[in-house]
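First comes the structure, then the notes that go with it.
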Amino acid sequence: HGIEIDLDDNIYLVDDGPGNFVQKRNNNGDIIFTVGERGKEAPWQGGEMFNRPTDIAIHPKTGELFVSDGYGNSRIHKFDQLGNHVISWGNPGTDPGSFNLPHNICLINDNYLWVCDRENFRVQIFDKEGSFLDQLHFHRPQSIFRGKGNLEGFILLAEAGTGMHTQEGVSNIGNIIRVLDHDGNTIEKIGDSYSGEAKNQFISPHGITSNSKGDIIVAEVSFTAYGSKLDPPREVVSIRRWNFE
């Protein structure tokens, strides 16, 4: 469900259910360490590691790891560079510091963790020790990434569409990409709800990244959200890429 690469080209994989583990591999695919036990699911919403973890952020200088956990939990777990557990924070709820599906996580300016608290319709901001700092309102924010290249100094945020059939297809309600400054202000928006497979129209932007030039790359759960409901069901576009200038 989540993937990240550190400055040494090691790969970190976040395995949602039924795996329920986080794994570090080198660039050849060899396992360096695993956090969690493959196939062992922690008690639902109990706060232990892991119940359907979703994403990981890596501190570029210290190697510290921050894992959002996730579909079956309401926690952020912090580990040292060797994968040893340091602290965890969060619980189910809507208060500051609580979560309703922490879906994606990003480290900004090496000191601030931005967490997509998706079903609370907000991004929460914490320091590295889990202290709550601020929250910003968005429509089901589900993926976040610190921009590179032309996007250096900006943040990419993907908003999911509405989960209510009465609002499906309504303009300006989710299914967009926002380019944010570090204060959370929207600089640019890409997309506007969806209309099938129309160009620049998102179905469900589930993951987002940018390359070294600043191109925006979006992965969608398009078959689950759209293609599976067609008659007959079929695969639809799942990856899109933009040049942002």
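Top to bottom by accessible area (1.4 Å), largest first, where do T162, T54 land?
Result, largest first: T162, T54.
May I ask you to evaluate 6.51 cos²θ - 1.76 cosθ + 1.60, the Karplus curve with θ = phi - 60°, for each residue of segment 23-28 and list the ³J(HN,Hα) values in order in whole Hz, giving x for glycine and proline?
Each residue's phi maps through the Karplus curve to give 9, 9, 10, 7, 5, 8 Hz.
Note down the net charge around L113, summing +1 for each Lys or Arg and -1 for each Asp or Glu among other residues with Cβ under 12 Å from its Cβ.
-4
Any idea what the dipole of segment 102-245 comes to, in debye rounded to 20, about its Cα centre with Lys/Arg Cβ at +1 and Asp/Glu Cβ at -1? Write down the numbers at each step before the final one.
Numbers: 14 positive and 19 negative charges, 66 e Å.
It works out to roughly 320 debye.
Can you tell which of L113, M164, L13 lies farthest toward the positive end of the dipole of the chain, using +1 and -1 charges on the Cβ of basic and acidic side chains (Lys, Arg; Asp, Glu)?
Positive-most Cα among the choices belongs to M164.
How big is the shadow of the Cα convex hull of the chain, averaged over all directions, in nm²? Numbers along the way, then the final one.
Details: hull surface 53.3 nm².
The directionally averaged projection comes out at 13.3 nm².
What full-extension length gain, to one decimal in nm, is calculated for K148 and E188 as 0.36 nm per residue of separation minus the Cα-Cα distance?
Details: separation 40, 0.36 × 40 = 14.40 nm, distance 1.57 nm.
So the extension gain works out to 12.8 nm.
If you average the sequence gap of Cα pairs under 8 Å that are 6 or more apart and divide by the length of the chain, what percent do you get for the contact order?
Relative contact order for the chain comes out at 9 percent.
Going 7 Å from the Cα of I31 toward and past its Cβ, which residues in segment 56-79 have a backbone nitrogen under 19 Å from where you end up?
none
For segment 111-245, what D do you get in µm² per second when you plug the Kirkwood radius from alpha-carbon pairs into Stokes-Einstein at 4 °C and 1.567 mPa s?
84
E41: accessible area at probe 1.4 Å, nearest 10 Å²?
Number for this one is 110 Å².
For segment 120-163, list residues with backbone N below 19 Å from a point placed 7 Å from the Cα of I87 toward its Cβ?
124-135
Rounded to the nearest 20 debye, what is the charge dipole size of the chain about its Cα centre when +1 sits on each Lys and Arg Cβ and -1 on each Asp and Glu Cβ?
340
Using a probe of 1.4 angstrom, how much of the accessible area of the chain is carbon and sulfur, in percent?
48
Calculate for the chain the 222 nm mean residue ellipticity that helices alone would give, adding -39,500 (n - 2.57) per DSSP H run of length 4 or more and normalising by residue count, nearest 500 deg cm²/dmol.
Mean residue ellipticity at 222 nm (helix-derived): 0 deg cm²/dmol.
Roll a 1.4 Å probe over the protein chains and send me the accessible area per residue for the chain in Å². Show your work: numbers first, answer last.
On the way: 11600 Å² over 245 residues.
Value for the chain: 47 Å² per residue.
Sort 116-129, 81-94, 211-224 by the packing proxy (mean of other Cβ within 10 Å over each peptide's residues), most packed first.
Descending mean neighbour count gives 116-129, 211-224, 81-94.
I'd like the distance separating the alpha-carbon centroids of segment 205-243 and segment 47-93, in whole Å.
26
Given an 8 Å cut-off on Cα distances and at least 6 residues of separation, report the relative contact order of segment 90-217 as a percent.
With pairs under 8 Å counted, the relative contact order is 18 percent.
If R₀ is 22 angstrom, what is the calculated FRET efficiency for the pair E48 and S131, using the beta carbon separation as r and rounding to 0.05?
With R0 = 22 Å, the Cβ-Cβ based efficiency is 0.50.
Going down the table (K40/K128; K128/K189; K78/K128), which pairs top 18 Å between alpha carbons? Show your work: numbers first, answer last.
Numbers: K40/K128 27 Å; K128/K189 29 Å; K78/K128 8 Å.
Check vs 18 Å cut-off fails for K40/K128; K128/K189.
Using every pair of alpha-carbon atoms in segment 60-159, split the distances into 10 Å bins beginning at 0 and state the percent of pairs per bin, rounded to integers.
17, 51, 29, 4
Restricted to Cα positions, what overall size does segment 138-180 have along the principal axes? Three whole-Å values, descending.
39, 16, 12
Using Cα-Cα distances under 8 Å and only pairs 6 or more residues apart, what relative contact order does segment 144-245 have, in percent?
Details: 228 pairs, mean separation 24.2, N = 102.
In percent, rounded to a whole number, it is 24.
The values are calculated or read from the model by the stated rules, or taken from the named source; none is laboratory data. Everything numeric in this text was worked out from a predicted model, so none of it was measured. All Cβ positions, even for glycine, are placed from backbone atoms using ideal geometry, and neighbour counts span all protein chains on display. When the accessible area is computed, the model is the full protein with side chains, heavy atoms only, and any ligands, DNA or RNA have been set aside. Shrake-Rupley method; radii C 1.70, N 1.55, O 1.52, S 1.80 Å.
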